[in-house]
Amino acid sequence: MLRPCTSQLACRAFSTARIATRPSDLVGNTPLLALSSSLVPDHLKGKVIVKMESMGPCSSVKDRLGLSMINAAEADGTLKPGMTLVEPTSGNTGIALAFIARERGYKLILTMPETMSVERRMMLLALGADVVLTPKETAVSGAVAKAEEIMVELGEQGHMLQQFKNPANPKIHRETTGPEIWADSGENVDVFVSGVGTGGTLTGTSQFFKGYEGTPGVKPDMHVVAVEPQEQMLLTDAMGGEKIGEQGPHKIQGMGAGIIPDVIDLSLVDEIVPIHSDKAMEVASRMWLEEGLPVGVSAGAIVAATLDVMSRPEMEGKTAVAIVPSFGERYFTHPMFEEISQKAHSLEKQPLPEPFDNREYGFATERG
């Protein structure tokens, strides 16, 4: 028998209780945060707000993608109990799939480039996934090829969700990310900025703003900015722009997959801003130190691009929302943290003041 409420406040809290019944119920509804530290220059013409996708249950925007793809596959009957999920990933999609696979009882095999951080690998293994590394020279394309090989071996017992092609990818952002930004900003957003990995976040959110398949958008004139690594300007090239500097490997994990995903709709993009890995790492580090926000290097790239865009005279009085894709703690072996890592490993214990008696702290003897 339920106890009666003992006060008006208790009754109100009881009637509005929100208790999740499984981890995937926690996906979405991430907060917006206005940047206000010295990271934001005085000459900035507009306001910069970040959407903290790093605050999801497994700390990345890919939580939405993993949930959407598995839900869709279960709904259409292509994913059945006892089957094995296979997916190429740069890490965060794999982590999202891993926690939902544990929740739903599926085996999961993930293929990923060897350049992905040890923290990501450990997360995947801790969640019970099998991890297969592929050569860094082949980037995500190599991981895709390996996943397809594994699928051949599994036959009908395997199912590949194909995040780069799956319509459930942009769908979840069209139905959740975009509406959340619009509502939480008080319907006051002029610029939307996102990095491009699969292209799902950029595409689905932009479809909500600009319109999709005959459904009008809430903000058709939204200025949409795609961010890609300067060292791998495939999107710029696809839209007829000129590449800057030497092209090749980059250090912005989660972006610049080395392919133009089927999911992305470049017709929604108003401009592409390339950011060099060094600049991305610099801004990400400043977000840690000046905003107190533990973010990954991709967030550094996205915020760097946003600050550049919002410094233009035409952005006077306008508001930008930028995606912070993931939490920074899973990147500690990334080159961005090399100096911090060296400092942490070189720390030495210091002598205690004398006299020091452990018995004052509950130990049996003077020195413990």
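The values are calculated or read from the model by the stated rules, or taken from the named source; none is laboratory data. For clarity, every value in this text was computed on a predicted model and none was experimentally measured. Here Cβ is always computed from backbone atoms with ideal geometry, including for glycine, and neighbour counts include all displayed protein chains.
With respect to R102, is the statement that it is among the charged types (D, E, K, R), buried (at least 21 other Cβ atoms within 10 Å of the Cβ) and outside any loop (DSSP other than H, G, I, E, B) true? Judged against the criteria, R102 is not a match.
Just name the residue that is surrounded by the fewest Cβ atoms within 10 Å (Cβ to Cβ) out of those in segment 341-360 that are among the hydrophobic types (A, V, I, L, M, F, W, C) and at pLDDT below 90. Applying the filter and picking the extreme gives L352. Number of residues in segment 265-314 that are touching a strand residue (DSSP E or B) at 6+ places or on another chain (Cβ under 8 Å) and either not in a helix (DSSP H, G or I) or not assigned by TED's automatic domain parsing to the domain that holds P229 (or both): the value is 13. If you go through segment 179-204 and keep only what is free of Cβ contacts under 8 Å to residues at least 40 places away in the same chain and at negative phi, you end up with P179, W182, A183, G204. Residues in segment 315-340 that are in a helix (DSSP H, G or I), modelled with pLDDT under 95 and surrounded by fewer than 22 Cβ atoms within 10 Å (Cβ to Cβ): E329, P335, F337, E338, E339, I340.
Residues of segment 66-97 that are of a type in the set (A, V, I, L, M) and either assigned by TED's automatic domain parsing to the domain that holds F192 or in a loop (DSSP other than H, G, I, E, B) (or both): L79, M83.
Checked against (1) without any contact (Cβ under 8 Å) to a residue 24 or more places away in the chain; (2) touching an Asp or Glu at 6+ places or on another chain (Cβ under 8 Å), E114 passes all but a single condition, namely (2).
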